[in-house]
Amino acid sequence: MAKSKKGISPLIATVLIIGLTVVLAALVAMWTTQFTKDTTKNVGAKSEQQLACIEDVSLNIKGSCAGNGYYDITVENSGIKDVTALNIRLYASGTDVESKVDLANSNVPKFDVKVVRVPTSKTGIKMIEIMPYINVNGVKVACTSMINYGGLESDPIEGC
């Protein structure tokens with residue numbers, strides 16, 4: 001007796017291929033839906049944070065003076081959000097920069113003027129640059145717009 005080789009029938013093969021295609025299409029559709037929701041949520045949150053920085057923060061440096069081992073910077077917040085922290089950069093020249101992040105007592109409440117003391121060993125500071133941080137829905141957000149005082153071409157900031 002001779003054995004005959006038999007495979008699956010063309011009808012069953014077609015049903016299996018169609019079934020596999022439907023399952024793959026469903027998986028891709030579920031992934032695409034979740035990816036789109038996550039991306040939309042993230043973009044919405046970032047937009048809300050940046051919009052709060054643009055609309056709700058109005059920070060100005062009213063003055064500054066140099067002390068012995070520190071600089072006092074008078075900061076005015078005329079915006080409607082509390083500034084919770086400051087990133088402060090002190091420039092003696094374009095390449096001689098000292099950065100201070102999250103200084104103690106560097107918050108500036110809304111509609112308030114505050115003197116922020118920045119400890120430093122540098123002298124001859126010509127320019128001060130401040131980047132404010134605010135809270136948006138419980139998230140600490142760095143506002144990317146910088147506030148400047150003085151300039152690299154100007155004389156150093158005078159003593160207190």
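Across the cross-link table entries Lys81/Lys122; Lys100/Lys126; Lys41/Lys110; Lys46/Lys110, which are compared at the Cα atoms, the separations over 26 Å belong to Lys81/Lys122; Lys41/Lys110. Over the chain, dividing the summed -39,500 (n - 2.57) contributions of all DSSP H runs of at least 4 residues by the number of residues returns a 222 nm mean residue ellipticity of -11000 deg cm²/dmol. Our summary gives the stretch 55-150 a relative contact order of 30 percent, counting only alpha carbon pairs under 8 angstrom and 6 or more residues apart. Positive-end ranking of Ile88, Ser58, Cys143 along the dipole of the stretch 55-150, with charges on Cβ about the Cα centre, is headed by Ile88. Across the stretch 55-150, Cα-Cα distances exceeding 20 Å account for 30% of all pairs. Applying the criteria of a DSSP loop state and at most 12 other Cβ atoms within 10 Å to the GluC sites (Glu not before Pro) of the stretch 122-160 yields Glu153, Glu158. Computed from Cα atoms, the angle from the helix 10-56 axis to the main principal axis of the chain rounds to 10 degrees. For the chain, relative contact order (Cα pairs under 8 Å, six or more residues apart, normalised by length) works out to 21 percent.
Within the listed set Ile54, Ile18, Ile88, the Gaussian network model of the chain (springs between alpha-carbon atoms below 10 Å) gives the highest mean-square fluctuation for Ile18. As a proxy for reagent exposure, Cys65, Cys53 were ordered by neighbouring Cβ count within 10 angstrom, fewest first; the result is Cys65, Cys53.
Our summary gives the stretch 115-160 a relative contact order of 41 percent, counting only alpha carbon pairs under 8 angstrom and 6 or more residues apart. Just so you know, the averaged projected area of the alpha carbon convex hull for the chain sits at 18.2 nm².
Bear in mind these aren't lab numbers, they're just calculated from the coordinates by the rules spelled out. Note that this is a predicted model, so its numbers are computed, not measured. With ideal geometry, Cβ positions are generated from the backbone for all residues, glycine too; neighbour counts draw on all protein chains shown.
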